[in-house]
């Protein structure tokens, strides 16, 4: 699976989540409102993101009604590793371990690979920052996980 930028303007950034050549979802980030719109076979949804915490920073995802769905935290600045909590379940992610732009999502104990995705298109912008929470990576990661773990998603989990 890949996350590809389709269009980047001063107002919006649009990218697609693809499995081979099939478009799974179209995602639009509004730079003015900080809302994200996702269109897929699951329907149309809107999400908002906010950075919380000073000593223990995290990024929180909320649905269109303001209900908290989950969060992402780093285990250390620049490590490329962290924890995702979504719908009460915890997952561990490892990003760019071999400098390839690949993300691997594991169960909390890191015993089972649940999901793999390539973020090569944004890999260069991420490596220049100290924290993933200061980039678009954390919002894309939360959206990817939300999409992948929906009951009617056709995404191959554990591939």
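Quick note: the coordinates plus some simple rules give every number you see, no bench work behind them. As the structure is a computational prediction, the values presented were derived from the model and not from experiment.
Take the alpha carbon atoms of segment 40-74, find their center, do the same for segment 1-28, and report the distance between the two centers in whole angstrom.
19
So what is Rg over Rh here for segment 1-116, counting just Cα atoms and using Kirkwood for Rh?
0.96
So for segment 2-148, averaging the separation of alpha carbon pairs under 8 Å that are six or more residues apart and normalising by length, what relative contact order in percent results?
Across segment 2-148, relative contact order equals 14 percent.
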